[in-house]
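The structure appears below as structure tokens.
The values are calculated or read from the model by the stated rules, or taken from the named source; none is laboratory data. Because the structure is predicted, anything quoted here is derived from the model rather than measured. Neighbour counts are summed over all protein chains in view; Cβ atoms, including those assigned to glycine, are modelled from backbone coordinates with ideal geometry. Only protein heavy atoms, including side chains, enter the accessible area calculation; ligands, DNA and RNA are left aside. Shrake-Rupley method; radii C 1.70, N 1.55, O 1.52, S 1.80 Å.
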Amino acid sequence: LEISQSLCNILGIRKPKDLVGTNLSELFTNSREFEAVQTYYQQYDDRVYKAEVYWRKRTNDVVKLRLLISPRMKNNGNFLGFLGTGHDIERDEKAQRYARRHENLEKTYRLTRSLAHEIRNPLTTIDLAVDGLKDTITEHDDDFEYLQIIDRSSKRVNLLLNELLSSSKSDGLELAVYPLNEFLMDTVKLVKDRAELSDIEIETELQTDEALMCRMDYSKLQIAVVNILTNAIEALIGKQGKIQVLSKRLNGEVIIYIIDNGGGIAPDEQELLFDPFYSSKKSGVGLGLTMSQSIVKEHHGHIDLESTSGEGSNFTIKLPVFKDEL
């Protein structure tokens, strides 16, 4: 009789009227699951019916729902019918994973900043001691080489600390409205030289829509996109590959696709890719993609990854369209 727009969206249906009047059995992919609901209809009481079911989407795909059904009564106790809610289980689980990852990231950032400052204190003492020894040890002394090793190692640790501290900043966003495509063109320019030096082509295919506006912290979102582009470039080094940067507008969102034709990412690695300090690269700190996801989440968006080993990867960034343009 009635259906909400949010459930229509889950089922890939444009308007509620397109589903009103449909026999409920047509939504179920498993007849036994429908028969269980039918039995509840015939024998209902005050209890709530709970089940995980599979429903058909308009695209012929299947969605797993957490179904809750309860009887509706008037104030005088007369029966009106049934009220049901359906929650997309995969979407709920993904939202929970994002929330847990964001919470873990904030904890990691706090720990990182604390450790970095604790390490920097004795490191400053080492630097002062090295500077003092430089006045007494010349390049002709036997210990000069060891002094250089200490100096280089100290500088390396300092660079690493600076990178960690820079990656763990979690300042508030400075939001303004920008054209998405202009933002993407500027961002691609930042990595184009590096790509060309590695014989990697970056191809842009941006939706020509002047209304494709997005509220963003320009510099922070640029960091997020550059991290993903850099990740794609590094995956293609030595392979003469190609990266595609695409944009479009769909269902009140602006969508950025960053697609490469590299070696892809194994399923078990995909689960870890956005975790803090996880990196498959020997020289990687493992905070780049973690930071990208955190920045996008702060913009009320999210990042999805589709990757097949041997075929490449597709990072999808979804952000809300600027409301005045809806």
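Brief remarks follow.
- Straight-distance crosslink candidates among aspartates and glutamates, where the alpha carbon sits under 13 Å from residue 297 and sequence neighbours closer than 8 are dropped: 103, 106, 217
- To the nearest ten degrees, helix 31-43 and the longest principal axis of the Cα atoms of the chain are 60 degrees apart.
- Summing Lys and Arg as +1 and Asp and Glu as -1 over all other residues whose Cβ lies under 12 Å from the Cβ of residue 27 gives a net charge of +1.
- The calculated pair-distance distribution of the chain uses every alpha carbon pair, bins of 10 angstrom beginning at 0, and gives 5, 18, 23, 21, 16, 10, 4, 2, 1, 0, 0 percent.
- Helix 180-197 axis, angle to the chain major axis (alpha carbon atoms, nearest 10°): 40
- In the context of the full set of protein chains, the range 184-247 has a per residue accessible area of 50 Å² (1.4 Å probe).
- Largest GNM mean-square fluctuation across 88, 141, 127, computed for the chain with C-alpha springs under 10 Å, falls on 141.
- When a 1.4 Å probe is rolled over the protein heavy atoms, the share of accessible surface on the range 109-202 that falls to carbon and sulfur comes to 54 percent.
- Principal-axis analysis of the Cα atoms of the chain puts helix 89-134 at an angle of about 10° to the longest axis.
- Remark: for residue pairs 57/318; 155/189; 64/318; 17/94, the C-alpha separation exceeds 25 Å in 155/189; 17/94.
- For the range 16-59, alpha-carbon Rg over 2.2 N^0.38 Å: 1.28
- Charged-residue dipole, Cβ positions (Lys, Arg, Asp, Glu), the chain about Cα centre, Debye nearest 20: 1640
- In the range 96-154, the inverse of the mean reciprocal separation of distinct Cα atoms equals 14.2 Å; this is its Kirkwood hydrodynamic radius.
- Selection from 68, 322, 124, by position along the positive dipole direction of the chain (Cβ): 68
- Restricting attention to the chain, close to 90% of DSSP beta bridges with both partner residues there are antiparallel.
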